[in-house]
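Quick notes on the structure that follows.
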Amino acid sequence: VAWDSEFYLAIADEGYAPSLVRAIPEDFYIRHFYCRIDTTEDCYSLANAFFPLYPLLIRAFAYPLALFPLSRIGALTLAAVVVSLLGTLLAMLSLYAITRQTLEEADGVRAAFYLLIFPSGFFLAQVYSEGVFLGVTFAALAFLLKRKWGWAALFAVLATWTRPGGAILLLPMIIVWISDKTWREDWRTLTLRTLAALSPAISYGIWRLTPLAERFFLVEANFFGRSLLAVNRSLEGWQHAWQLMLNGLPETRFYYGLEFAAVAFGVLCCLLLLKTRPELSLFGLAMILFAFTSGGPQGMVRYVLVVPPIFLVLARWGRRQVFDRVWTLFSILIMSLEVILFSFDFWVA
């Protein structure tokens, strides 16, 4: 439990206007001061920057924990970890199914294992939305590849309501819709599959109509400094990060070294699978671009977890025992270092 965990727990406890979470006025970028929600109308909790599905699941799983002698926050925290781990399990099973589409059973097991030990894989066991987001996103892709459109649409909707990047599932769904020449089907099948393919956009549109959306963009832009396709600001930030990686303090160089390595490795894996798995590769590239151009130059080693080609490529390379041992040792050691730093409240992703 650290950093953004407080927001998920607060939403699960009190909703989007929690009393103990920092709040900002609408013009925070001019007047840098915090406000209290109960004293002014022009005041927005920082919790508004987080999507609702994960906190709702936390609240639901916390109800049966009332049977145990736990504090309210203790019960919510335990529920949050359980939800994250269940989401991670779903992600592992889905990644296994995705890998089995073109590779062997052992490759599917390796892909799931490499997901767990990835340098930022420990976020899957934190009070963060990573576990749930990967679970529903990979499930949507797994069902899509098996042409189970109804299930794919359901999980795509859940992914969109977990993190804003879930709406990018529209891309692989449209690719599969076109590659299957769906327009040749009868009108009933065409209608249902078209609605399923558009489900990420539809669910995102529904969210945009709610008050949550307005408050989300306000807090994201004014406090967290993030927005959609902020290309110029992002490029300036990444140029500065590159200089820090080359000339900064050792710990700064290590941090940004991981960030740039994550971006480069994610793009490489997507390009390697572009010809054979275009729907997964283009989805991965879009997710990387979405995160890379969101504003602040940080978090990429965590955001690339949702790029399936990374683990498919690693699973194929892992057939060589030497690579499997070297990558496993390297990845677990880096993850261990990240866990130690994160546990002591250092920002690592």
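The values are calculated or read from the model by the stated rules, or taken from the named source; none is laboratory data. Keep in mind the model is a prediction, meaning the values are calculated, not measured. Reconstructed Cβ throughout: ideal geometry from the backbone, glycine too, with neighbour counts over all protein chains shown. SASA here: full protein model, heavy atoms, side chains in, ligands and nucleic acids out. Shrake-Rupley method; radii C 1.70, N 1.55, O 1.52, S 1.80 Å.
Of note:
- Residue count for region 261-276, restricted to those that are open to solvent by 40 Å² or more (accessible area, probe 1.4 Å) and either without any contact (Cβ under 8 Å) to a residue 60 or more places away in the chain or under 22 Å from the mean Cα position of the chain (by Cα) (or both): 9
- Positions within region 185-219 being surrounded by 18 or more Cβ atoms within 10 Å (Cβ to Cβ) and not in a helix (DSSP H, G or I), in sequence order: none
- Residue that is closer than 30 Å to Arg22 by Cβ and more than 19 Å from the chain's Cα centre (by Cα), where the choices are Gly166, Gly225, Gly237: Gly237
- Of the residues making up region 95-111, those that are open to solvent by 10 Å² or more (accessible area, probe 1.4 Å) and assigned to a helix (DSSP H, G or I) number 7.
- Filtered residue count, region 220-233, keeping only those that are of a type in the set (Phe, Trp, Tyr) and surrounded by fewer than 17 Cβ atoms within 10 Å (Cβ to Cβ): 1
- Residue match in region 247-256 (condition: open to solvent by less than 80 Å² (accessible area, probe 1.4 Å), without any contact (Cβ under 8 Å) to a residue 12 or more places away in the chain and in a helix (DSSP H, G or I)): yes
- Residue match in region 66-86 (condition: in a helix (DSSP H, G or I), modelled with pLDDT under 95 and more than 24 Å from Ala2 (Cβ to Cβ)): yes
- Gln243 satisfies every condition listed in (1) outside any helix (DSSP H, G or I); (2) open to solvent by 60 Å² or more (accessible area, probe 1.4 Å) except (1).
- On the stretch given as region 20-70, residues that are open to solvent by 80 Å² or more (accessible area, probe 1.4 Å), out of contact with any Lys or Arg (no Cβ under 6 Å at 6 or more places or on another chain) and either touching a residue at least 40 places away in the same chain (Cβ under 8 Å) or not hydrophobic (A, V, I, L, M, F, W, C) (or both) total 12.
- Of residues in region 132-173 being of a type in the set (Phe, Trp, Tyr) and in a helix (DSSP H, G or I), the one nearest to Leu312 (Cα to Cα): Phe138
- Residue list for region 319-349, filter: of a type in the set (Phe, Trp, Tyr) and without any contact (Cβ under 8 Å) to a residue 60 or more places away in the chain: Phe323, Phe330, Phe344, Phe346
- Any hit, region 3-13, residues being open to solvent by less than 60 Å² (accessible area, probe 1.4 Å), in contact (Cβ under 8 Å) with a residue 12 or more places away in the chain, part of a loop (DSSP other than H, G, I, E, B) and within 27 Å of Leu141 (Cβ to Cβ): yes
- One residue stands out in region 307-349 among those that are surrounded by 21 or more Cβ atoms within 10 Å (Cβ to Cβ), under 21 Å from the mean Cα position of the chain (by Cα) and part of a loop (DSSP other than H, G, I, E, B): the one that is modelled with the lowest pLDDT, namely Ala349.
- Where Gly295 falls short, out of the listed (1) within 18 Å of the chain's Cα centre (by Cα); (2) within 26 Å of Leu93 (Cα to Cα): (2)
- Failed item, numbered, when Tyr303 is tested on (1) open to solvent by 30 Å² or more (accessible area, probe 1.4 Å); (2) in a helix (DSSP H, G or I); (3) within 18 Å of Glu251 (Cα to Cα): (3)
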